[in-house]
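Read the structure below first, then the notes.
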Amino acid sequence: MIKFVAARKVAAPLLLFVLSAFIITFQSCKKKRSEIANILYKKTHNKILKDFTPEGYQVVFKQVFNEEKHKLSHAGVISEWYGNNHYEPVFVLNHLFNGDLSKAHDDYLMHAAEHGLSPEIFHADELAAAIEKPGNMSHVKTIDEAYHDIADLEISAANSLIDYSNALQFGVINPKYIYQRYYMATKRPDNASMSAVFNIADMQGYLEGLQPKAPQYIALQNALKNNYEEKGFTGEECKRIILVNLERLRWRNKPYENKYVTVNIPDYTLSVVDSGKPVLKMKVCVGQGRNVDNKNTLLAYNDTCKVDKPGDHETPLLNSLIYGVEVNPVWNIPRSIANKEIIVEAAKDKFYLENNNIDVYKDDKLVENPEDIDWTNITKENLPYSFKQEPGTSNSLGLIKFIFNNNSSIYLHDTPVKWVFSQKMRAVSHGCIRLGDPKGLAQNLFGESDKFKTISDDMQQDNPDPTTIYLPKKTPVYITYITCWADEDGKLQFRNDVYGLDIVLYDHLQKMLHPGKS
């Protein structure tokens, strides 16, 4: 009996504590419910909204979301955020009654053309309609009707702001989805970046912050605004070229390093940029293109150009790290070139291989007398041989090549064919990039060091042997494709679409910007 009474004495305070905690929690939840209801009532003066409860609203929100999710670009992100945040109507509470959402619609979404985009892809009309309903909530007759209008606005605002934010920060199109030879590291929106719209404190500041600040982007924006026209191009063609290059500038694939090497394929140039300024520039030759005659343009192109179908020798778009050079390199001739060129020339002239310093291998063993082979009977289907061109002045790689990891067997290299650099159209290689001043690039990357002296000496040897020399610090390289940009004097430069990549991008943009017309 004594034990029982003692237990009751201990249990009573514990029970009171639990009950107190429950009452406090209940009152806290009730307070939160009443706060939302009071805010909505004060803003609308509709007594119906005094009955607002999170539980009731949540049921209707889910119904509305299920009805609309098929047309949402990122339904998963929206659903997850509201599910994790008690379905709180953040856009209504924080941005509706102060005019933020109306300004977002009127001053930003409806001005998407300033970026070469369309308000349609940001669902501007749907957002305007969704804003209108809660704005006139004084006429709402039932709480379920209010729940529906609030949910509709929340979902519409989230959808529009996420899409607008993604477009300006990452681009409208993922280049990896439209280009077959695109190997550039490119950041895309993730849950964290997209969920930022739910936590906006200053709507105007947030939207202003999305405007790309890069001088190149602003230069193209101004040109678009002023209907810039370049000699040799019509005004409409200039506009379309600017549109595709604005989209390229929105892609998150730009160099972030202090020093890097960049190649612009349509311009046939290589530049070394250090601390934001070009410190070396040279002509280059790039891979042969499908549109070198500029037969197809953004004003007139046939249906076969709409999908990316790169030619065998087009240089891919990629980024990597130059880690060294091979001086007096051996050229391991790709099978594709052997099939189309080497065996054809050997069939015409049995001494072609010897005269061009090309060794023949079978099962990794050197063939001693390749001129004894009847090359007229060798085809790509029955070719048992591989080929290597030994170092020397006739080597197709010249006296030096710059090496970096990639899956396309692409590198920067010298060439014995110097006259080609005097040509305007220099899309002539098998895919690698021939350098107009390879020694100058080596000097820039290695500096006036002992390693560069070794490179310089080895390039002058009479009987050269292959030598690999590593950079003390790897240098980033970016192989890009840009057909319109502002030069150092601020003048816009335009180049022909040698690979047809402008056309592919423009056609995909049109389908996305104007879905009703596709």
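What to note about this one:
- Antiparallel DSSP beta bridges within the chain, percent to nearest 5: 80
- Rolling a 1.4 Å probe over the protein heavy atoms leaves Thr53 with an accessible area of roughly 40 Å².
- Computed with a 1.4 Å probe over protein heavy atoms only, the accessible surface of the chain comes to 52 Å² per residue.
- Kirkwood-based shape ratio for region 288-366, expressed as Rg/Rh from alpha carbons: 1.11
- Of all accessible heavy-atom area on region 100-181, the percent that carbon and sulfur account for (1.4 Å): 47
- Each part gets one Cα centre, and for region 79-152 versus region 412-484 those centres are 56 Å apart.
- Whole-number percent relative contact order across region 362-482, with pairs defined as alpha carbons under 8 Å at least 6 apart: 18
- The relative contact order of the chain comes to 17 percent, based on Cα pairs under 8 Å that sit 6 or more residues apart.
- For the pair region 229-294 and region 298-348, the centres of their Cα atoms are 20 angstrom apart.
- Computed over region 370-477, the P(r) curve from all C-alpha pair distances, binned at 5 Å from the origin, holds 2, 9, 17, 19, 17, 15, 10, 5, 4, 2, 0 percent per bin.
- Karplus-derived HN-Hα couplings along region 201-206 (A = 6.51, B = -1.76, C = 1.60, θ = phi - 60°), whole Hz, x at Gly and Pro: 9, 10, 4, 5, x, 5
- Residue-wise HN-Hα coupling along region 181-198, computed from phi with Karplus coefficients 6.51, -1.76, 1.60 (Hz; x: Gly, Pro): 10, 10, 10, 9, 5, 9, 6, 10, x, 10, 4, 5, 5, 6, 6, 4, 5, 6
- Cross-link pairs beyond the 26 Å C-alpha cut-off, checked among Lys103/Lys225; Lys187/Lys451; Lys309/Lys350; Lys254/Lys453; Lys254/Lys491: Lys187/Lys451; Lys309/Lys350; Lys254/Lys453
- Sparse-neighbour loop sites [GluC sites (Glu not before Pro); region 237-334; at most 15 other C-beta within 10 Å; DSSP]: Glu257
- Computed over region 435-506: relative contact order in percent, which uses C-alpha pairs under 8 Å that are six or more apart: 18
- When each of Lys277/Lys439; Lys281/Lys306; Lys176/Lys213 is checked by Cα-Cα distance, pairs over 30 Å: Lys281/Lys306
- Extension reserve of the Trp419-Leu366 stretch, reckoned as 0.36 nm per residue once the Cα distance is removed: 15.7 nm
- If you take the alpha carbon atoms of region 380-433 and fit the smallest convex hull around them, that volume is 131 Å³ per residue.
- Estimated vicinal HN-Hα couplings, Hz - region 40-54 in sequence order (Karplus 6.51, -1.76, 1.60; Gly, Pro = x): 5, 5, 4, 7, 10, 6, 9, 4, 4, 6, 5, 8, 4, 10, x
- DSSP-assigned coil residues among chymotrypsin sites (Phe, Trp or Tyr not before Pro) in region 302-371, each with at most 11 further Cβ atoms within 10 Å: Phe351
- Between Leu471 and Gly324, Val325, the built amide H atoms are under 5 Å apart, and every one of these is 5 or more places off in sequence or on another chain.
- nm² value of the averaged projected area, convex hull over the Cα atoms of the chain: 39.9
- Using the empirical formula 2.2 N^0.38 Å as the baseline, the Cα radius of gyration of region 138-203 reaches a ratio of 1.62.
- Label-to-label distance, nm, for residues given as Arg252 and Met110 (7 Å Cα→Cβ offset): 3.1
- In this simple spin-label approximation, Lys348 and Lys380 carry label points 7 Å from Cα along the Cα→Cβ vector, and these lie 1.7 nm apart.
The values are calculated or read from the model by the stated rules, or taken from the named source; none is laboratory data. Every value quoted in this text rests on a predicted model; they were computed, and no experiment measured them. So basically every Cβ, Gly included, is an ideal-geometry build from the backbone, and we count neighbours across all protein chains shown. For the accessible areas, the whole protein counts, side chains as well, though only heavy atoms, and no ligand, DNA or RNA atoms are used. Shrake-Rupley method; radii C 1.70, N 1.55, O 1.52, S 1.80 Å.
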